[in-house]
Amino acid sequence: MSTSFSQRAGAARGAELLAQALKAEGVDLLFGYPGGANLEIFDVLAGAGIRCVRTEHEQGAVHAAQGYARASGRIGVCLATSGPGATNLVTGLADANSDSTPVVAITGNVPTPLLGKNAFQEVDIVSITRPITKKSTLVRRVSEIPEVVREAFALAGGNRPGPVLIDIPKDIQQHYPKDAAGNYTPPPIPAVIEPPEPAIGGLAETQLKEACRLIGEARRPVIYAGGGIVAAGAGPALQQLAEALACPVATTVMGHGIFPPDHPLALGCLGMHGAKVANVTVNEADLVLALGVRFDDRVTGRVDAFIAEGRIIHIDIDRGELNKNKTVTLPLCADLAQALPQLVACAEATDREDWLGYLDGLRKDFPYPLPRHDDCISPQYAIARLSELTGGDAIVSLGVGQHQMWAMQHYRSRRPRGFLSSSGFGTMGYGLPAAIGAKVACPDALVIDIDGDGSLNMTVHELATCRRYGIGVKVVVINNQWLGMVRQWQDMIYDGHRAESGLADPMAVKAAGEADIYPDFPTIAAGYRVRAERVSHPGELDAAFERLLADPSEPYLLDVIVAAEENVYPMIPAGGSYREMIMGPEDMDEEARERQGSSI
């Protein structure tokens, strides 16, 4: 008979060492799903004072950990079993890697003697996830657990944040640490380790001097700010720098909310569906201060045409991003939390009246389209009203698709950690579980998942998690009965051949000659005992929003039936430049269709 923990006073087996090590890192909550290879861990969490929010799918657990991390700035933790449990985390880990989200994923695995023997639910998750994590580690000795955990948290939250995976075979969870003679030898918790990566500081004196010289020579500067500002907590310093230089600010989707949307220097988001004023400004500036960005292709379009003539100062904590996608004038590896105050200290005010006046004219002449219809709800209007009613103060999570871009355009977020979007990886189904994680992290905040019908349908089962734990997430479905962005591309590029992009009930179409609303989200929500309703007329919208927002602690779903064939504008064709921006369907000529189709 094996010796139980209760028979070894003061002794701790591997699963308990893990729980103690997590507690030492400040973890009091994680997201997970139990299975045969991680039951030892689940068995000890409560005793260590760690709460588990059990999601309905492991992908929901990792997205919830992402939402927790993005909303709070703390490291999100998720837990899965071996085999399919572990592989169900892969999409979320790739997403976290793309968007630099600090997540520690813990997986169970088959016992050590069975590794490599194709045992039941065995998978080499370490090898699978190595390219999409900062580090993936297989624990081979019980005594390693505290060191592996400490290193994982140091890596996940250090410098450029990202995901880390720890894989623990079941026998390692069950055994006790022993020395060579077989005696119980508890390792120290927290472990003392060498820093896994050197800390990045501010700008060196020579770097600061050169940056200030380039800034001083600029007459048409602009700041291009991204998620690195959010991760560094450098939003206030960004505003100080912009005001000190009288310099306009354009943000990426990852930087949405980092700069006040009603500030006179705010340009909004740039990129494929960004504001015309933001795209023109960045491309016509004589100096671009690129802060915490990675020159993503959805921002740059054709990279050789992006900022073709202006100088570029690129500051990022990840040296690997410098000169990777775009060759710049002055690449600087630095911590933005330290570098921005240095720049503020040496900033000198310059007359920008002509430059700012030109941009103000563009802002007024080319606003985002905001159609309003008498007989149906436009998706842009629905999101704009939600923004007005919440004052832009909610934490908003998003699925992926047209609604994501409309939210970028019309939800005027005022929270630096209030706009949670799967930006780099574009993961449909991200919105609801990310909102769950955000609400758990920030229970007093209003948290809204603005989702599309296609995207929500991938993870709608997580309404059960909301119900089970009383997590008051609000879900607003922008329901157009299409995979909207796919349908838009098909209309623009493939001569309207809408292959497999419709979501309406095909049997209802055949029977009645027209589409009905399918799937029936209010009925699905009712099945999970979550309150829900549907609106389809503009006159119903405000009252429905009031009911949605009435009780912040109650999960609630509002299915908003919107105009079915609205498109997202403006739009820069993939691989195009800002000069080819499509402001509406009248701009989409045959040449633009061919160019878009060849580079999408």
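So here's what we get for this one:
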item: Count - residues of the range 77-98 that are assigned to a loop (DSSP other than H, G, I, E, B) and surrounded by fewer than 24 Cβ atoms within 10 Å (Cβ to Cβ); result: 2
item: Output for the range 144-191, where each listed residue is in contact (Cβ under 8 Å) with a residue 60 or more places away in the chain and part of a loop (DSSP other than H, G, I, E, B); result: Asn159, Arg160, Pro161, Gly162, His175, Tyr176, Pro177, Pro186, Pro187, Ile189, Pro190, Ala191
item: Lone qualifier among Arg363, Arg372 - being in a helix (DSSP H, G or I) and not aromatic (Phe, Trp, Tyr); result: Arg363
item: Check on Ile258, assigned to a strand (DSSP E or B) and over 22 Å from Pro369 (Cβ atoms); result: no
item: Check on Ile471, in the same structural domain as Ser397 (by TED's automatic domain parsing), aliphatic (A, V, I, L, M) and out of contact with any Gly (no Cβ under 8 Å at 6 or more places or on another chain); result: yes
item: Restricting the range 116-126 to residues that are of a type outside the set (S, T, N, Q) and either without any contact (Cβ under 8 Å) to a residue 12 or more places away in the chain or out of contact with any Leu (no Cβ under 8 Å at 6 or more places or on another chain) (or both), the residue that is surrounded by the fewest Cβ atoms within 10 Å (Cβ to Cβ); result: Lys117
item: Number of the condition not met by Gly226 [criteria: (1) over 30 Å from Asp354 (Cα atoms); (2) within 24 Å of the chain's Cα centre (by Cα); (3) among the small types (Gly, Ala, Ser)]; result: (1)
item: Qualifying residue in the range 47-64 (condition: polar (S, T, N, Q), at pLDDT 95 or above and surrounded by fewer than 24 Cβ atoms within 10 Å (Cβ to Cβ)); result: no
item: Meets criteria (at pLDDT below 95, under 21 Å from Leu541 (Cβ atoms), outside the structural domain of Leu265 (by TED's automatic domain parsing) and not hydrophobic (A, V, I, L, M, F, W, C)) for His403; result: no
item: The lone exception for Thr137 - which of (1) of a type outside the set (Gly, Ala, Ser); (2) surrounded by fewer than 23 Cβ atoms within 10 Å (Cβ to Cβ); (3) in contact with a His (Cβ under 8 Å, 6 or more places away or on another chain) it fails; result: (3)
item: Subset tally (residues that are in a strand (DSSP E or B), under 25 Å from the mean Cα position of the chain (by Cα) and not acidic (Asp, Glu)) for the range 290-328; result: 4
item: Matching entry among Thr206, Thr129 (being surrounded by fewer than 21 Cβ atoms within 10 Å (Cβ to Cβ) and not in a loop (DSSP other than H, G, I, E, B)); result: Thr206
item: Some residue of the range 54-76 being assigned to a strand (DSSP E or B), closer than 28 Å to Ala232 by Cβ, touching a strand residue (DSSP E or B) at 6+ places or on another chain (Cβ under 9 Å) and outside the structural domain of Phe419 (by TED's automatic domain parsing); result: yes
item: Lone qualifier among Val282, Val277 - being outside any loop (DSSP other than H, G, I, E, B), touching a residue at least 40 places away in the same chain (Cβ under 8 Å) and over 21 Å from Gly424 (Cα atoms); result: Val277
item: Conditions (1) under 19 Å from Cys376 (Cα atoms); (2) surrounded by 18 or more Cβ atoms within 10 Å (Cβ to Cβ); (3) more than 26 Å from the chain's Cα centre (by Cα); number of the one not met by Ala563; result: (2)
item: Of the criteria (1) touching a Lys or Arg at 6+ places or on another chain (Cβ under 9 Å); (2) of a type in the set (Val, Ile, Thr); (3) without any contact (Cβ under 8 Å) to a residue 60 or more places away in the chain, which one Val530 fails; result: (3)
item: Subset of the range 333-375 that is out of contact with any Leu (no Cβ under 8 Å at 6 or more places or on another chain), loosely packed, with under 14 Cβ neighbours inside 10 Å and among the hydrophobic types (A, V, I, L, M, F, W, C) - its residue that is farthest from Gln409 (Cα to Cα); result: Ala345
item: Of all residues in the range 376-396 being in contact (Cβ under 8 Å) with a residue 24 or more places away in the chain and among the small types (Gly, Ala, Ser), the one that is surrounded by the fewest Cβ atoms within 10 Å (Cβ to Cβ); result: Ser378
item: Leu483 touching a residue at least 24 places away in the same chain (Cβ under 8 Å), touching a Ser or Thr at 6+ places or on another chain (Cβ under 8 Å) and over 21 Å from Asp375 (Cβ atoms); result: yes
item: Flag if Thr327 is in the same structural domain as Gly255 (by TED's automatic domain parsing), crowded, with 20+ Cβ neighbours inside 10 Å, farther than 21 Å from Leu238 by Cα and not aliphatic (A, V, I, L, M); result: no
item: Filter pass, Ile132 being of a type in the set (A, V, I, L, M, F, W, C), farther than 30 Å from Val293 by Cβ and in contact with a Leu (Cβ under 9 Å, 6 or more places away or on another chain); result: no
item: Residues being of a type in the set (A, V, I, L, M, F, W, C), out of contact with any Pro (no Cβ under 8 Å at 6 or more places or on another chain) and part of a loop (DSSP other than H, G, I, E, B) - total across the range 99-114; result: 0
item: Count of the range 246-268 residues which are on the phi < 0 side of the Ramachandran plot and surrounded by fewer than 24 Cβ atoms within 10 Å (Cβ to Cβ); result: 8
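The values are calculated or read from the model by the stated rules, or taken from the named source; none is laboratory data. Every value quoted in this text rests on a predicted model; they were computed, and no experiment measured them. Don't worry about glycine lacking a Cβ; one is built from the backbone with ideal geometry, like all the others, and counts go over all protein chains shown.
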